[in-house]
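Accompanying notes for the structure given below.
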């Protein structure tokens, strides 16, 4: 059990415990006392090393971020280098965005699986929450870079449509990383939400075709053609 005379061990135990519980329950679903119990420490050790819950959350987010960001940036740089002077393919951009996340979750060990699920939890929260500020500062530049690269790939498409299209990819990835088990149920167990390798194989061509099918032209507001009819509860009456 980590002791005060082993501060590095205590800090790592706290970070590991916080990462695990925050990934499982989300920021609002876990207390500092529960994190202390998971780490095998007293509550005052958490406040001694990290102060507040927000500060602890920030340290958990920041601990693995450099390695994760470097992996994704390297994938994207390789995709752009392969394209040379031409336009990068949507498939290559999507692989650069998704492959490190799914690979770390599948093969990086329990800590990385928790971290990727923690990022999914963060993306699923209202982005104005104060505790998410460290995550926004770390990951927003990367997300904006991907939008710009998709714009290079489809420079004929209205910018807002690219933002919406990439948002759908982000939303899908956020849900998929939680491995919630929905596909397991409606496929009667023939598909497994934990099989992120298969998810990658299905997701990349699906969204690649979606990006390829975006209509060109700079329509007002990024729309193409008529909007679909909106549904209201009155229709159910």
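The values are calculated or read from the model by the stated rules, or taken from the named source; none is laboratory data. Values in this document were obtained by computation on a predicted structure and should not be read as measured data. Don't worry about glycine lacking a Cβ; one is built from the backbone with ideal geometry, like all the others, and counts go over all protein chains shown.
With the condition kept exactly as written, say whether any residue in region 132-151 is on the phi > 0 side of the Ramachandran plot and assigned by TED's automatic domain parsing to the domain that holds residue 103. No, the conditions are met nowhere in region 132-151.
Within region 199-237, being modelled with pLDDT under 80 and either loosely packed, with under 10 Cβ neighbours inside 10 Å or at positive phi (or both) holds for 217, 220, 221, 222, 225, 226, 227, 235, 236, 237.
In this entry, residue 208 is excluded by the filter for residues that are assigned to a loop (DSSP other than H, G, I, E, B), touching a residue at least 24 places away in the same chain (Cβ under 8 Å) and more than 18 Å from the chain's Cα centre (by Cα).
A single entry from 33, 99, 87 fulfils the requirement of being assigned by TED's automatic domain parsing to the domain that holds residue 208 and at pLDDT 95 or above: 99.
Just a yes or no: is a residue in region 154-162 out of contact with any strand residue (DSSP E or B) (no Cβ under 9 Å at 6 or more places or on another chain) and within 16 Å of residue 174 (Cα to Cα)? Checking region 154-162: not a single residue is out of contact with any strand residue (DSSP E or B) (no Cβ under 9 Å at 6 or more places or on another chain) and within 16 Å of residue 174 (Cα to Cα).
Listed by position, the helices (runs of 4 or more DSSP H) inside region 58-155 whose residues that are surrounded by fewer than 18 Cβ atoms within 10 Å (Cβ to Cβ) and more than 17 Å from the chain's Cα centre (by Cα) number at least 1 are 90-107, 133-153.
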